[in-house]
Amino acid sequence: GVGVGSGTGSGASGVDGKKKTDDTGGGTSEEDMQEYNSKLQEEFDYLTLWKKRCAFERTNPERLTSPQELAHRVRQAYKEMLCVLTLYPEAWHMWSMWEDTLPSSAGTSRGSSENRAIAVLQLGQGYIPDSTLLVQAHAQLVEIHASRAGVNKSDEGSNGGHAGSKPSDSLKVLEKYLERAPTSLGFCLYQRLVRRYKGVEAARAVFAKARRVLTQHGQGATGSSSGLEKQIAVGASAFPGV
């Protein structure tokens, strides 16, 4: 009986050895892929639980009568979620969108709510500087807020979604993003905005610049460390300015 057991174990070990490495000895094994998919599903389920928790808080389960207290409690739930999901762009985006829809009855003016929504996205970009989702949402809010204020595209304004800004200020948001993390998608989004506010010729110039920048960036990417690694070291327990 012991001999049969030992033989079976030896055979299984041989099969496992084949699964761990491919013929080249350096590829991804089936076991590695299964472990990766398992971890991915685990993280997705974890994110789903936090989303449910925040959605539950928005229903006012404690029947708070003060809109200010309810807003504070929901905001605290989002902050707690970001303490453990700091590098998840979706989590920052959810919090920002909730802030943007916050009614004035919650104790803040419409302008203050809009600024807070943008501040959340800016903070998120500090932790995830290469997130296209966060920068695109930021640019869209700048456009929407300026349109709400009735500011014409040709008017002079200030930066980032504050009073007096203009829709074309969204270009500055994407320009800063492309300086720190040039990507194909980032240039596509930027080119679309440039065509909207500056015309076709300016958009073509963006395309030419994108080819140069992305080519140079691709050549210098080998062996270089991402700026995100520096951001990971920053603690996520405090959220100044939000």
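Full extension from residue 179 to residue 39: what is 0.36 nm times the residue separation minus their Cα-Cα distance, to one decimal in nm? The partial results should precede the final answer.
On the way: separation 140, 0.36 × 140 = 50.40 nm, distance 3.27 nm.
Stretched fully, the residue 179-residue 39 segment lengthens by 47.1 nm.
Roughly speaking, what is the stretch gain from residue 48 to residue 63, that is 0.36 nm per residue apart minus the C-alpha to C-alpha distance, in nm to one decimal? Each step should come with its number before you reach the end.
Numbers: separation 15, 0.36 × 15 = 5.40 nm, distance 2.41 nm.
Gain on stretching residue 48 to residue 63: 3.0 nm.
Please list 3J(HN,Hα) in residue order for segment 114-128, calculated via the Karplus relation 6.51 cos²θ - 1.76 cosθ + 1.60 where θ = phi - 60°; whole Hz, with x for glycine and proline.
Rounded to whole hertz, the list is 5, 5, 5, 4, 5, 4, 5, 5, 5, 5, x, 5, x, 8, 10.
In the full protein assembly as shown, how much of residue 207 is accessible to a 1.4 Å probe, in Å² to the nearest 10?
About 120 Å², rounded to the nearest 10.
Please turn the phi angles of segment 39-51 into ³J(HN,Hα) values with the Karplus equation 6.51 cos²θ - 1.76 cosθ + 1.60 (θ = phi - 60°), one per residue in order, whole Hz, x for glycine and proline.
5, 4, 5, 4, 5, 5, 5, 5, 5, 4, 5, 5, 5
The values are calculated or read from the model by the stated rules, or taken from the named source; none is laboratory data. The structure displayed is predicted, hence computed values, not measured ones. The area values use the complete protein model at the heavy-atom level, side chains included, leaving out ligands, DNA and RNA. Shrake-Rupley method; radii C 1.70, N 1.55, O 1.52, S 1.80 Å.
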